[in-house]
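> Questions regarding the structure given below will be posed in turn.
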Amino acid sequence: QVQLVEGGGGLVQPGGSLRLSCAASGSFVSIGAMGWYRQAPGKQRELVATITSGGSANYADSIKGRFTISRDSAKNTVYLQMNSLKPEDTAVYYCNANLTSSWYRPYTNYWGQGTQVTVSA
């Protein structure tokens, strides 16, 4: 059983910073791409950032220059450093990762439970 456990969300003032983390646990032999998505009230879930197993990152235009995604392979963890936060960044942030339990099986996509980020004065 694989789990993605997120942490680090909360309430922050505009211009502030937060660091989200997402740790993968369970039975797996490899983690492929990992990423963060977000969903604001009344809106569809959207991509925030992704990072490959080799460390190549991709960002949504709305957060470029403000957010940084990184991963620690030894800890099976992906991070999202969020700086210069704006009220429009308010959303539930979801971790996403591709993992496989065997080198002979394809990767399976998993989601975390979500963590709330609220940017408000």
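Every read-out reported here was derived from the displayed coordinates using simple, explicitly stated rules and does not represent laboratory data. These figures come from a predicted structure and were not determined experimentally. Every residue, glycine as well, gets a Cβ built from its backbone with ideal geometry; the counts of neighbours run over all protein chains shown.
> Report, ordered by the first and then the second residue, all pairs with beta carbons closer than 9 Å, sequence separation of six or more or different chains, a first member in the range 74-97 that is surrounded by fewer than 17 Cβ atoms within 10 Å (Cβ to Cβ), and a second member that is assigned to a helix (DSSP H, G or I).
So the pair list comes out as Glu88/Ser62.
> Determine whether the range 55-71 contains at least one residue that is touching a residue at least 40 places away in the same chain (Cβ under 8 Å) and surrounded by 14 or more Cβ atoms within 10 Å (Cβ to Cβ).
Within the range 55-71, the subset touching a residue at least 40 places away in the same chain (Cβ under 8 Å) is none.
Within the range 55-71, none of the residues are touching a residue at least 40 places away in the same chain (Cβ under 8 Å) and surrounded by 14 or more Cβ atoms within 10 Å (Cβ to Cβ).
> Now for a separate question. Just a yes or no: is a residue in the range 103-113 under 12 Å from the mean Cα position of the chain (by Cα) and either free of Cβ contacts under 8 Å to residues at least 24 places away in the same chain or under 24 Å from Ser17 (Cβ atoms) (or both)? Working first, answer last.
Taking the range 103-113 first, the residues under 12 Å from the mean Cα position of the chain (by Cα) are 110-113.
Next cut, either free of Cβ contacts under 8 Å to residues at least 24 places away in the same chain or under 24 Å from Ser17 (Cβ atoms) (or both) only: 112-113.
Checking the range 103-113: at least one residue is under 12 Å from the mean Cα position of the chain (by Cα) and either free of Cβ contacts under 8 Å to residues at least 24 places away in the same chain or under 24 Å from Ser17 (Cβ atoms) (or both).
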